[in-house]
Each structure stands twice: as C-alpha cells, then as structure tokens.
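Below you'll find the structure, written out as structure tokens, and then a few comments.
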Amino acid sequence: MNKPRLTIFSKLWCKVVTYATAALFGLVSTVSLPVWSKHLPAVTALSTVVSEEKSALALAQLGQQYYNAGKLAEAIDFWQQAADNYERQGGLGEAEALRAREGRLKSLINQAQAYQDLGLNSQAYTTLLDALGSKPTQSQAVAISQLLNSYTHNQEALSQTTGIGLRSLGDLLRKQGRLEDSKQVLKLSLAAVQNSKEVNATLLSLGNTERFLGNRLRDSWNYEKVTEIIETESITEALQPYQPAIATYQQATNGNAAASFASVQAQLNQFSLLIDLEKWWERETKRRLQSWVHTEQLELNQIGGEFLLQLKLKLVQDRQVLQPTIETALKNLPPSRTSVYTLINYAQCLLKLAEREKAETVLNSALTRANQIKDPLATSYTLGYLGKVAEQQDKNPRAVSPKARREAIALTKQALKLAQEQSVTQDVREVIYLWQSQLGKLLKQQGKQSEALLAYAGAYNSLQSLRADLNSNLKDIQFDFQQEVKPVYLELADLLLQSQFTLSELDSLRLIDSQRNLINSSDNLELARRVVESLQIAELDNLLADLCLIPTNTSVKIDNLDPQAAFIYPVILPNRLEIILSLPGESLRQVTVPVTEQQVNQVIAELYDNLDNSSLDNSARNIFYTSNPTPEEIQANLETLLPLLKQLNDWLIEPISVQLQAKQIKRLIFAGNSSFEQIPLAALYDGQQYLIERYGVGLVPSLQLINPAKINRAKLKIFAGGVSQSLSTKTGIFPSLPNVPEELEHIKQLFPNTKILLDQNLTTQALEKRLQDNFTIVHLATHGLFSSQPEQSFILTGDGEPFTIEKLGELLNQQPVTTPQLLVLSACETATGDERAILGLAGVAVRSGASSTLATLWSVRDSSTAELMQQFYQNLKNPQQTRLDALQNAQLSLLNYLRQNPPFQEVQNLPPHPYYWAAYVLVGNWL
C-alpha cells in the first residue's frame, strides 16, 4: 500500500485541519459552549452534573468542551456516553428518533476525530464505520465498498451530518494510503453537503486527496519519463498530475462560503503545493543538468535550463496571484488555535521562499494570538520557528551575527522548555525533537560542542522512541526522512567522530538503541557506529511504514560472526569522509579522508551516468543492452569508468588496505546507508585489480538485523520460478529471456528436489500457492524492478501481471514453518536514478524474513546470468563456502572467462568491463 509521506510539519498541519474542518458538533447543537473555558471542572465533578441532568446533549457538549481544552481522552469518554444515551432513545416517536440518530452520529464522528488526534487511527476507523452504518468487522475493502454502494443507491440518507462523517472517513482513508477509496468517499460527502456551509471543507479534503494522487502519479514516472518532460520543455505535462488538486482547491475558494476558514486553507494548500512543485522540479532538473555537463551535452544543458526558467516563472506568477488574498484573510482570522497554526504554516512557506522578514512578521502575529488564547504548545511552535527565522538571516551560517545567533538560541530554548512542560499531560515528542535538533545546530555553530552534543543526543533519543510509536500507531505518518530525520543522526555521528569528549560527557548522553535499550558504552566510535546503525534501521522502518523491524541482537559482535570479515561504515559528511572500521579481535578504528561530500557525490554521479544512466547514449547500459557494441564504444566507456572507480577505491579502500591485509581479511561487509550503495562496490579498481579479485563484497542494512544462521546445505529445499517469453504490460514491453529455462534446469540438476514453475505456469495464483510451502531458497528469474517506493517495486509473472515486492515479502514471511534463508532475483534491476533503490532491496529481505537477498543492480544479458547462477549454486553445495564466497567465486569465474575470451581483440589489454559481472549484489546475511 502506498503510504503518503507527510513531514513533521505536515503532521502539525493535520492538527490545523482538525480544528478547522471537523465542525465538532457541540457547536452545531442547540446550545453552544465557549470554545475556551477558563474554569474547566474536573471530570469527576462533571460526571455528577451529567448524571443529574441525564442529558445526551449535555454529555455531547461536555465532550466538546473537553476537546477544545485539549483533554481528548475525557472528550472521547463523554462522547461515548452521549452516543449510548442517544441510542437508548430509539423507541421514541419518529421525529425524536431522527434527532436521536443524528445526535448519536454527531457524537461518534466527534469521537472518531479525537481518536485521530491521539494517533489511534484504527479506533477512529472502527468508530466512523459504526456511525455510518457499516460493519467494522469486515475487511476494509468490503466495508468501504458496501458503504459507498449503500449511500450511492440511497441518496435520501445523505444528510449534512452524514456528509461530515464521510469527510472524516475520507481524510482517514487518505492517511491510510487508500487514495481511490478516499476520493470516492469524499465525492459522496460533497454530494451530501453541496448546499451547505460545509461544502468548502469537503472540497478542501478532496483537494488534499487529489494532491496525494498527484504525488502517486508523479512518483510512478521513471527517470527517463522525467528527462523526456525536461527535454521537450513540456510545462503542461510537468504540472498535469496536480491539475485536479489545483482545480479543487480553487473551487473551494469560489463557493457559497468563500470567506470560510476552509477557503483560506485551500488557498494556502495550493500556495504550498506550488512551492513544493518548484523545489521538486528544480532538484530533478539540476540532476539532469549535472549529467549533461559531465557528458558535454551542451544543447541539452541549455534546454534544461530554459525549461526550469519557464516553469519557475509560471509557478511564481501563480503564487503572486494567491499571496495577497491569503495575507488579507489571515489578518482577519480571530485568535484561536486554528489561526495560530495557520499563520505558522504560512510562515513556513515564506521561509522556503527565503522571505525571512515577512515570515518573522507573520510569526510575531501568531505569537500574539497564542498568548491571547493561552495555548503553551502553540506558543512553543511559534517561538521555535521564530528561532529558525533568527538563525536563517543568511544562507551561510558564518554570516549570522553573534547577536542573531544568541537570539535564536534563546527563542529555541524557550520553545523547548514549553514543549517539555506539556509532555507531562500529552505526547509532544515530535515538537521536542524539533527544538532539540535546532538547538544542537545553533550551539554547534557557536562552537559549544559539548552542549551541542547533549542537544543532538536528546533529539536522537526522541526520534528513536517516536519512530517506534509512529510506526505502530500512525502508519500513515512518515517523516520527510532526508530533510528532517536523517540530519539529526548524521549531526550526532559527526560530533562523536570529530570532537574529543571526556568519558563523563559521553556517559551523560544515555543514548538508546532501536529497542529503546540504553547503549552501554563510553567509546565515541562505538556510539557513532550505533547511531549509524540506528539511522539505517529508522530509514528502513520509514520506507516500509511498518514496525516489522525488530533487531535480532543489538549487541552482536563481528568476532562472533565471521573471523575473516571486516565491517566498513562509510559516513559521508559535508567536509570529510569518515570510515569506521571493525576488524575481528580489535577495537574500532577511525579513518578520516579529507574529501568533501560534494566531491564524493560528483564522482558517484559521473560513475552512474557512464555506467547505468539509460537516458545517455554512451552509458554502458545503452552500449551493451540496447545495441550491438563496437570495440571503440566499449573501450571509450571503460577508459572513462576506470579512473572514477580508482578514485572511489582511493577514498574508501586504500586508507584501510594495510589493516585489511594484516588481518588476512577475505570478506568486506559494507554497513550503514550512504551514497556508496548506489554503485557496484565489487568493481572498485586499484589500478591493477578490481576489489572482487581481493575480497568478497557484501552489504548489510544493519548489523542489528543480521540473523547469523548458516544455510543447512544437506537440507536445501528450492523453489525456482522464471519467465523466458517476452511480455507486454501496462508499464512497457519486456524482452524475452531465452536462457531462463537453462538457468532453472541447472539448479534442478544440482538440487533434484527443486520445484520449478516456468512461463505460463508461473501465474500470480500459482506463485501465491507455491510460496506457502517452506523453501530454504526462493529463486525467481523474471523481469522486475527495485525502487525506494514499495509500490513501484515488482516482478512479472508469466501472465504479465506485476507481483509487488511488498506482496512477495508478505507471502514469504507467512511460510508455515520458516522463512527462506536466501531470496534470489536474478533478472531484476534497480530503478533508474533512484538513489535509495538499494534500500528498497534491503527492505525486500527484511519484509520477507529472508536472511539475505541476491539480486542484480541492472539487467544483464541472461546468458551471462545463467552461467553465473549455475556456478553460484555449484559453489553453494560446498559447505566450506559462505553465501558471499559462492557469489565472489562465481563472479571471478565469469570475470576470468571474459579476460581469457574478450568480446573484441581491441579490448584484450583492458580489464573486463564491469557491466558483464558486477551487477550482482548480496544484501544481508553473507554466511
């Protein structure tokens, strides 16, 4: 399921939606209570009053009052009592019964909204289905289908209250990633409220769902599609996924209640969308511009620059139309929690546009209102973002005046103190972490390393606990990981690696691991390593939107796993490359390489362009896969690649080569998550040899996730499925793989108990049934794609249907007795231009429960794959060879064959091209 990726601030914006559009029906009833009560009685006292009045309406109003005061648990209890009270009134006359049904419906919808505010989405969903007359016990798909069918064929049952309930359900379905269902439910809601003041609020919700659908469509574009839009300068096509959202937002501002808060919010959401579109296309276009500069395609470089200029011009013009209307409307909003958060949201937009002074004015207005309504959390948000404004006086942190930085620190500390005070009565960790990390950044810039370390450690611990709770309770909420979460981990690791702290300072950090256990270490390198490990686990958790990542052993040692393996943690920091090296029987070592992040990423980008960028004619992918290569093409490409591979080897391997040789290391296991995972590490070149000729090379998502069990060679049970025929699908035409039958037959010859499904027999249904058996190894030789977007990762079955990797993983994880120890995907490839695709591959192993996955980074001629796989399984029969040994020796066999039998005599003096043999990568348990 596609989980919408919401930023931390998007979560804050969800709160704005709550206060603005939920209506909270106590205010719709005949008696209206004050929004903010200065003298809110205790619940016990109020319960006595209620019992005396025996009034369902009074119960509902008390629920309203407690909700407005932020006491959500008490509000839920009162609304449940009100709903029960209304239900008992069902035996009255027709008019009274109708009012009772409406009262129960309103109470349950309010209760569901409070559940959503607490992050209890499952309870909210069940409550809404109950309120709207569906059966929560059914599967979600069936329940929603019946609900839609019921109201579609009974339009008379669509009251305004029902429409608001449907809107709340549509919002919840959007959070769950059920975007099409959300759209249909919201359209039904729109029909119910069409002639009421609620119409704009429903249009706003529908616009938000259309926006997420736009994200889904845009994210389905591959690298080549985005490149084509840029090359053809198609502004219309670039914006096409979001036209329904923009049209719906505009409709919400032109209805009968144009001055409503929902209309203001719709304008602000459209404004935010225009900013996000500009940033996204700027990032994607610059990626292409860099490639075209590397490859000297000056004409394309000029076209790309012109496209970006014209797109920005249009988006700026559209924003300029909206901005005056938004600012006028915001000035007229009365003091309330809603208006405070709305002003903060607008200030965030202004900060993205570098309009610092205007953002400061807006935030000061928000602060005045927050103080008026005496809302400490709203005040905390406002002060924190004022601190951010003070810190962002100039893009260069060194240009910020000492006075401005002191002001920023003071404001951030105030914001943090207020948030921490609220943590006694509510969960505000997502707020606390924001100000802890901001404080750490400011203190680090001020040169106060020890104080910065403590602040970042606090932010790290907040995220460690917050991540687990979000994944268990709020599966729809996913942080903008690259922008908001990853920097906290890296900044903490940076401080631990660059500064000399005392033992007492390190002891005082009290860092926790992914299971919230205290990390018992005062060694800065061990703490840095554990932070890097936690970063990878958090990123996998974020990718999978699932709490399936339970580390098997947070204290596992490399010595206990493999005495001939070295663990390498590359940490790319802005001003240097840090390598944490773990060797058997030794303390951790640190190697600092004086190379900037920009330099590393530039070499990696050039390597990618020349190796695997299908949009460039002279890339190895196009030379080998889409045409008959000439010796001149192969030679030119290889002579471009080898210096880049050597440069990376000089940075990553050469500084630790002496230590590796001294310990007689045979296997290199790269851990953590860095840009190096985008490249075939086995192909790093020292001027004489490839890295694979000296070491086996494996990847692990995290040492904590390794199940160190070895494969029982005597009891191997293998399932081998494949598709050899060409397939035509909605996503394109996939060429035939004529050597797949031979590949599968070789496996069966080596392991006679192997079960095979080939071509038409490998249907989706047959695969699902076969995967219910307990196989040690699952081998799939069919076209497929890995991406950092789970819904974009799939394999193709013989009937041409995409079988998602997410579904494959779930089926493998449900095997009755044991999950597979090895998953082999021999004809797949990683998504072009996806920098996090290897993370997606690691996610396959984690979700499936397979201890390791063997796959290809790009699609290799299947004759080479068949030969390599035959050798791999032959090696695997030998209990003396680990999985990584079996792969290394198979790759060496192919490499040596190519060296002795070069495709052209003109390249016989050059090393074999990596494209033939370096695509294969083992992720996970290498034993």
Measuring from centroid to centroid over Cα atoms, what is the spacing of region 890-927 and region 558-603 in Å? 26
Relative contact order [Cα under 8 Å, 6+ residues apart], the chain, whole percent: 8
So what is the relative contact order of region 838-914, in percent, for Cα pairs below 8 Å that sit 6 or more residues apart? 19
The chain - accessible surface per residue (Å², probe 1.4 Å): 40
Calculate the dipole size of the chain relative to its Cα centre from +1 charges on Lys and Arg beta carbons and -1 charges on Asp and Glu beta carbons; express the result in debye to the nearest 20. 2100
Between region 753-774 and region 417-442, what's the alpha-carbon centroid distance in Å? 52
Quote the charge dipole size of region 56-211 about the Cα centre in Debye, to the nearest 20; the model charges only the Cβ of Lys and Arg (+1) and of Asp and Glu (-1). 320
Helix 243-252 axis, angle to the chain major axis (alpha carbon atoms, nearest 10°): 10
So, in Å, what gap is there between the alpha-carbon centers of region 137-194 and region 111-130? 15
Which trypsin sites (Lys or Arg not before Pro) from region 557-604 combine a DSSP loop assignment with at most 14 other Cβ atoms within 10 Å? 557
Measure nothing but the geometry: give the 0 to 90° angle between the long axis through the Cα atoms of 56-68 and the longest principal axis through the Cα atoms of the chain, rounded to 10°. 50
Once Lys and Arg get +1 and Asp and Glu get -1 on their Cβ, which of 653, 341, 794 lies farthest toward the positive end of the dipole of the chain? 341
Packing rank of 107-114, 440-447, where each peptide gets the mean count of other beta carbons within 10 Å, highest leading: 107-114, 440-447
Alpha-carbon radius of gyration plus Dmax, which is the widest Cα pair, for region 718-879 in Å: 14.4, 44
Tell me, what ³J(HN,Hα) does each residue in region 888-899 have, in order and in whole Hz, if you take phi through Karplus 6.51 cos²θ - 1.76 cosθ + 1.60 with θ = phi - 60° and put x for Gly and Pro? 4, 5, 5, 5, 5, 4, 5, 4, 5, 4, 5, 5
For residue 813 and residue 187, extending 7 Å from Cα along the Cα-Cβ vector and measuring point to point gives, in nm, a value of 3.3
Go ahead and run the numbers for FRET between residue 368 and residue 309, Cβ-Cβ distance against an R0 of 35 Å, rounding to 0.05. 0.30
What are the ³J(HN,Hα) values, in whole Hz, obtained from phi via the Karplus relation 6.51 cos²θ - 1.76 cosθ + 1.60 with θ = phi - 60°, for each residue of region 320-333 in sequence order, with x given for Gly and Pro? 5, 5, 6, 4, x, 5, 4, 5, 5, 5, 5, 5, 8, 6
Evaluate E = 1/(1 + (r/R0)^6) for residue 498 and residue 55, where r is the Cβ-Cβ distance and R0 equals 60 Å; express this FRET efficiency to the nearest 0.05. 0.35
Note on region 558-704: C-alpha Rg/Rh, Kirkwood Rh, two decimals, gives 1.01
Which length gain, in nm to one decimal place, applies between residue 726 and residue 449 when the Cα-Cα distance is subtracted from 0.36 nm times their residue separation? 93.7 nm
Once the dipole of region 339-413 is set up from charges on Cβ (+1 Lys and Arg, -1 Asp and Glu), the residue from the list 387, 377, 364 lying farthest towards its positive end is 387
Considering only protein heavy atoms, with the full assembly of protein chains and a 1.4 angstrom probe, order 597, 654 by accessible area, largest first. 654, 597
Cα lying deepest toward the dipole's positive end in the chain, options 662, 316, 131, charges on Cβ: 131
Tell me, what are the semi-axes, in whole angstrom and largest first, of the equivalent ellipsoid of the chain as set by the roots of 5 times the Cα gyration tensor eigenvalues? 50, 33, 28
Carbon plus sulfur, as percent of the 1.4 Å-probe accessible area of region 173-229, comes to 43
Extension gain residue 646-residue 628, at 0.36 nm per residue separation less the Cα-Cα distance, in nm? 3.7 nm
Area accessible to solvent at residue 854, 1.4 Å probe radius, in Å²: 0
Can you tell me how region 833-927 classifies by the Cα gyration tensor, rounded, prolate or oblate, using a/c under 1.5 as the rounded cut? oblate
Expressed in nm to one decimal, what extension gain is obtained for the pair residue 196 and residue 220 from 0.36 nm per residue of sequence separation less their Cα-Cα distance? 4.9 nm
Cβ-Cβ FRET estimate between residue 296 and residue 575, R0 fixed at 22 Å, reported to 0.05: 0.15
Hey, what do the phi angles of region 358-369 turn into as Karplus ³J(HN,Hα) couplings, whole Hz, using 6.51/-1.76/1.60 and θ = phi - 60°, x for Gly and Pro? 5, 4, 5, 4, 5, 5, 5, 5, 5, 5, 4, 5
Taking a crude spin-label model, label points 7 Å out from Cα along the C-beta direction, the residue 357 to residue 89 distance in nm is 5.8
Rg [Å, one decimal], Dmax [Å, integer] - region 234-333, C-alpha atoms: 16.9, 56
Run the simple label-point estimate for residue 233 and residue 139 please: 7 Å along Cα→C-beta, distance reported in nm. 5.1
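The values are calculated or read from the model by the stated rules, or taken from the named source; none is laboratory data. Worth saying up front: this structure is predicted, and the values here are computed from it rather than measured. Quick reminder, even Gly has a Cβ in these numbers, built from the backbone with ideal geometry, and neighbours come from all protein chains shown. All accessible areas refer to the heavy atoms of the entire protein, side chains included, with ligands and DNA or RNA removed. Shrake-Rupley method; radii C 1.70, N 1.55, O 1.52, S 1.80 Å.
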